[in-house]
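So the structure is just underneath, and the comments pick up after that.
Here, each number is a calculation from the coordinates, and none is a lab measurement. Quantities reported herein were computed from a predicted structural model and do not represent experimental measurements. Methodologically, a virtual Cβ is constructed for each residue, glycine included, from the backbone with ideal geometry; neighbour enumeration extends over all protein chains shown.
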Amino acid sequence: MNIFVLMKRTFDTEEKIVVENSRVSDDGVEFIINPYDEFAIEEAIKLKEEHGGEVTVVTVGEEEAEKELRTALAMGADKAYLINNEDVENYDQSSTSEILAAFFKDKEVDIILGGNVSNDNGTGQVGPRLAEKLAIPYVTTIVGLEISDRKATIERDVEGDQETVEVELPVLVTAQQGLNEPRYPSLPGIMKAKKKPLEVLELDDLDLDEDEVEGLTETVDVFLPPEKQAGRILEGEVEEQVAELVKLLRTEAKVI
Amino acid sequence: MDFELSKEQEMTRRMVRAFAENKIKPRTLDIDKKAQFPKDLFDEMGALGLLGLPFPEKYGGSDGDTLTYAIAVEEIGRVCGSTGLSYAAAVSLGASPIYYFGTEEQKQQFLTPLAKGETLGAFGLTEPNAGSDAGGTQTTAKLEGNDYIINGEKCFITNANYASILTVTAVTGKDARGKNMISALLVPADTPGVTIRNAYDKMGVRGSDTGEIFLDNVRVPKENLLGDPEKGFKQFLYTLDGGRISIAALGLGIAQASLERALAYAKERKQFGHPLSTFQAIQFKLADMAMEIELARNMVYKAAWLKDQKKPFTKESAFAKLFATETAFRAANQAIQIHGGNGYMREYEVERYLRDAKLLEIGEGTSEVQRLVIARQLGC
Ligand SMILES: Cc1cc2nc3c(=O)[nH]c(=O)nc-3n(C[C@H](O)[C@H](O)[C@H](O)COP(=O)(O)OP(=O)(O)OC[C@H]3O[C@@H](n4cnc5c(N)ncnc54)[C@H](O)[C@@H]3O)c2cc1C
């Protein structure tokens with residue numbers, strides 16, 4: 001099977017977000033594989049273990065993402081591509097999916113796995129957009145996957161309920177928490193990862209121009225949510241409190 | 001000069017930290033309180049290739065270097081001293097001498113299952129009457145036909161009750177000058193005449209297994225002699241030099257944990273209307289801890305690097321062991337102080353750091369012995 005994984009390097013979930021000059025600062029920040037993409041990598045390796053084939057991990061990002069790609073190789077992926085997007089000025093999810101679509105143009109694909117969302121921007125767009133461009137079906141927020149005779153039986157999480165979907169390969173799926181428990185890369189895996197192929201591609205290599213992949217959104221401002229204000233405790237009899245509350249909701253909070 | 005770790009070293013740190021935080025940490029209090037050796041964790045560590053970290057792939061190892069191994073010990077030690085000690089001993093004392101000095105057959109037979117983490121090994125040097133003075137070994141191994149017959153007693157041996165292969169030192173004869181020749185022999189733990197007892201109620205590293213070994217007319221084939229019979233003493237000194245790097249790394253881990261705990265607590269706890277971390281007396285403690293830890297880290301990594309470069313490292317591993325373990329003790333002590341009364345309570349963990357760190361100033365050569373080693377290297 002030709003198994004592909006879309007992977008993004010993101011902030012460690014433990015990091016505090018600092019905004020500087022209308023940008024989220026990445027000074028001294030630890031990076032990780034986007035946790036949802038880690039589920040995708042694990043599922044891809046499990047598919048390979050069950051059905052044979054090859055797992056290729058692709059990321060669009062900066063040079064530093066090599067570290068996260070090596071981690072995926074250490075977990076058991078076979079090869080990796082890093083598509084450099086450093087030259088794209090106004091970059092958003094449509095850029096990523098445009099670039100990925102160009103990458104996949106000449107690839108034989110049985111399944112593409114990605115994360116449901118990234119833990120930084122959290123838009124959940126890249127998977128579905130890419131599938132549209134490749135004209136293959138997609139199933140999001142999956143929590144279970146079985147493949148036989150080129151048919152995938154997928155359980156997906158729909159706001160807490162489960163839906164079972166059957167779909168022909170090729171397909172693109174995005175992983176939701178609960179799909180699996182990602183393995184730790186083993187020590188031999190880590191040592192072998194450096195010998196596995198990791199290719200860096202420039203937009204040129206995909207016959208793309210920077211302006212072809214400019215983002216469609218415009219960032220007007222970046223700011224942190226307002227700090228939580230101290231609460232207020234109402235006093236008096238319950239009826240008085242209720243009356244006071246309703247009044248405040250009308251006059252002060254202006255929500256009713 | 002390049003202080004950058006390789007990608008493999010960084011990945012190893014991340015992986016081991018995640019494993020330690022997720023799998024070991026929830027159990028550290030129990031491991032200590034109940035003095036429970038976490039056998040199942042060692043099975044998992046074996047499956048991840050940690051027990052064969054610094055050995056070649058052809059013996060079931062992971063092909064890592066000493067520095068990567070030191071990082072792994074540091075990360076486990078940061079979470080659990082007991083697990084860290086048994087891990088360091090399994091690799092540096094249980095498996096390493098076979099790798100350094102074993103024949104091809106011995107490596108295939110004895111090292112491979114250790115490196116794969118299928119079993120554990122132990123190294124028995126210390127005896128009731130031979131501790132710091134290892135030359136005073138009284139256990140004997142007499143050649144009888146094609147077998148050695150071993151008699152004697154070993155004490156304080158890490159992992160002994162869980163080991164399937166014991167490397168024991170014994171007097172095998174006298175050299176030309178009439179001095180005792182000490183060699184190491186490989187003894188499968190199930191050989192008739194071997195009795196292993198779990199006899200200790202320890203102050204710290206309580207979940208690390210420590211056993212007594214009695215050897216009563218134990219017969220092993222003469223092929224089980226490890227390395228050069230004339231150079232046995234030199235060989236175990238080399239083994240200990242390597243082991244010291246891992247004990248130093250363990251000290252580093254405990255010291256690091258002490259600092260992290262103390263810093264977090266100092267920022268949280270308020271007295272006189274301010275967090276403890278705003279008081280200069282507390283700040284100075286934290287500053288000293290952080291500085292000593294970084295100095296210790298540089299020394300430990302340098303000693304590991306020298307070993308990897310196949311350069312002499314006897315003096316540097318003694319520096320590293322002495323400084324990192326004494327740093328661990330001081331850091332743990334200050335961490336308790338910064339926690340006040342809470343620090344004296346088990347659930348805050350820093351009192352365990354102190355109990356665990358104390359062992360590191362004793363095992364694999366006491367602090368005094370490290371100073372002796374250094375002085376000898378200086379030409380005294
Ligand atoms: C938990 C634990 C695990 C251990 N694991 C192992 C193991 O796996 N394998 C193994 O072989 N051993 C092991 N040991 C034994 C350990 O290595 C010895 O305890 C240590 O080397 C000290 O020996 P000793 O206890 O006989 O003390 P002694 O040698 O009696 O020393 C007592 C004191 O005298 C000092 N002293 C001794 N000689 C001198 C001198 N010439 N100059 C100045 N001071 C001196 C020492 O530094 C120390 O302070 C372990 C011990 C413990 C507690």
*What are the GluC sites (Glu not before Pro) within segment B:1-69 that DSSP puts in a loop, where the Cβ has at most 14 other Cβ atoms within 10 Å?*
B:E4
*Ordered by residue, what ³J(HN,Hα) values in Hz, to whole numbers, does segment B:161-178 give under the Karplus form 6.51 cos²θ - 1.76 cosθ + 1.60, where θ = phi - 60° and Gly and Pro are x?*
6, 10, 8, 9, 10, 10, 9, 10, 9, 7, 7, 9, x, 10, 7, 4, 8, x
*Across peptide B:42-52, what mean number of C-beta atoms from other chains lies inside 10 Å of a residue's C-beta?*
2
*Place a +1 charge on the Cβ of each Lys and Arg in chain A and a -1 charge on the Cβ of each Asp and Glu, then give the dipole magnitude about the Cα centre in debye, rounded to the nearest 20.*
840 debye
*Mind sorting B:T12, A:T10 by how few other Cβ atoms lie within 10 Å of their own Cβ, fewest first?*
A:T10, B:T12
*asked:* What does the charge count around B:E268 come to, taking other residues whose C-beta lies under 14 Å from its C-beta (Lys +1, Arg +1, Asp -1, Glu -1)?
replied: +3
*Answer with one residue from A:Q241, B:P312, B:N151: the one whose Cα lies farthest towards the positive end of the charge dipole of the protein assembly as shown, charges on Cβ with Lys, Arg +1 and Asp, Glu -1.*
B:N151
*Pulled fully out, how much extra length does the chain show between A:A243 and A:N2, if you take 0.36 nm times their separation in residues and subtract their Cα-Cα distance?*
80.2 nm
*Rounded if a/c under 1.5, otherwise prolate or oblate - segment A:2-213, Cα gyration tensor axes*: rounded
*What nm distance separates the two modelled labels at A:D12 and A:L234, each placed 7 Å from Cα along Cα→Cβ?*
4.5 nm
_List the pairs from A:K107/A:K151; B:K107/B:K202; B:K23/B:K310; B:K142/B:K231 whose alpha-carbon separation is above 23 Å, in the order I gave them._
B:K107/B:K202; B:K23/B:K310
_Between B:A176 and B:L372, what's the calculated FRET efficiency when r is the beta-carbon distance and R0 is 25 Å? Round to 0.05._
0.45
*Residues in segment B:189-225 that a label on B:Q36 would reach, taking backbone N under 17 Å of a point 7 Å out along Cα→Cβ*: B:205-210
_On Cα atoms only, tilt of B:280-308 relative to the major axis of chain B in degrees_ = 30 degrees
*List the relative contact order of chain B as a percent without decimals, with contacts defined as Cα pairs under 8 Å and 6+ residues apart.*
17 percent
_Cβ-defined net charge surrounding A:L134, 11 Å radius [Lys, Arg +1; Asp, Glu -1]_ = +3
*If you take the beta carbon distance between B:S132 and B:Q309 as r and set R0 to 30 Å, what does 1/(1 + (r/R0)^6) give as a FRET efficiency, to the nearest 0.05?*
0.50
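Using the number of other C-beta atoms within 10 angstrom as an exposure proxy, rank B:C380, B:C155 with the fewest first.
Numbers: B:C380 7, B:C155 20.
Arranged by neighbour count, lowest to highest, B:C380, B:C155 become B:C380, B:C155.
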*asked:* Could you give each residue of segment B:58-72 its phi-based ³J(HN,Hα) in whole Hz, using Karplus coefficients 6.51, -1.76, 1.60 with θ = phi - 60°, and x for Gly or Pro?
replied: 5, 10, x, x, 9, 6, x, 9, 5, 5, 4, 5, 4, 5, 5
*Quick one: grab the alpha carbon gyration tensor of chain B, order the square roots of its eigenvalues as a ≥ b ≥ c, and give me rounded if a/c is under 1.5, else prolate or oblate depending on whether a/b is larger than b/c.*
prolate
*Among A:V173, A:V242, A:V117, determine the one that fluctuates most according to a GNM of chain A built with springs between C-alpha atoms less than 10 Å apart.*
A:V242
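Averaged over its residues, how many other protein chain Cβ atoms are within 10 Å of peptide A:187-199's Cβ atoms?
Mean shielding count: 6.
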_Principal-axis tilt of helix A:66-75 within chain A, Cα atoms, nearest 10 degrees_ = 70 degrees
*Proximal charge balance of A:M191 [Cβ under 10 Å; K/R count +1, D/E count -1]*: -1
*Whole number please: convex hull volume per residue of the Cα set in segment A:103-244, in Å³?*
274 Å³
*Note the direction-averaged projected area, equal to a quarter of the hull surface, for the Cα convex hull of the protein assembly as shown, in nm².*
38.4 nm²
_Once you place label points 7 Å from the Cα toward the Cβ at B:M345 and A:T123, how far apart are they in nm?_
4.9 nm
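Can you work out the FRET efficiency for the pair B:K202 and B:Q337, with r the C-beta to C-beta distance and R0 = 22 Å, to the nearest 0.05?
0.40
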*Based on DSSP H runs of at least 4 residues, each adding -39500 (n - 2.57), what is the mean residue ellipticity at 222 nm of chain B after dividing by all its residues, to the nearest 500 deg cm²/dmol?*
-15000 deg cm²/dmol
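When you look at the Cβ of every residue in B:64-75, what mean number of other chain Cβ atoms sits within 10 Å? Before the final figure, lay out the partial values.
On the way: counts 4, 1, 0, 0, 3, 1, 0, 0, 1, 0, 0, 0.
Taking the mean over all residues of the peptide, I get 1.
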*asked:* Only Cα pairs within less than 10 Å get springs; with that Gaussian network setup on chain A, which residue of A:V139, A:V246, A:V213 has the largest fluctuation?
replied: A:V246
_Per-residue counts of other Cβ atoms within 10 Å, averaged by peptide: what ranking do you get for A:155-164, B:235-244, highest first?_
B:235-244, A:155-164
*Length-normalised contact order of chain A in % [C-alpha pairs under 8 Å, at least 6 apart]*: 24 percent
_Would segment A:161-205 count as rounded, prolate or oblate if I go by the C-alpha gyration tensor, calling it rounded below 1.5 in a/c and otherwise prolate when a/b exceeds b/c, oblate otherwise?_
oblate
_Please compute the contact order of segment A:114-203 in relative form: average sequence separation of alpha-carbon pairs under 8 Å and at least six residues apart, divided by the residue count, as a percent._
27 percent
*Dipole of chain B, Cα-centred, from +1 at each Lys and Arg C-beta and -1 at each Asp and Glu C-beta, to the nearest 20 debye?*
760 debye
*Using per-residue counts of other Cβ atoms within 10 Å, averaged over each peptide, order B:193-201, B:249-257 from highest down.*
B:249-257, B:193-201
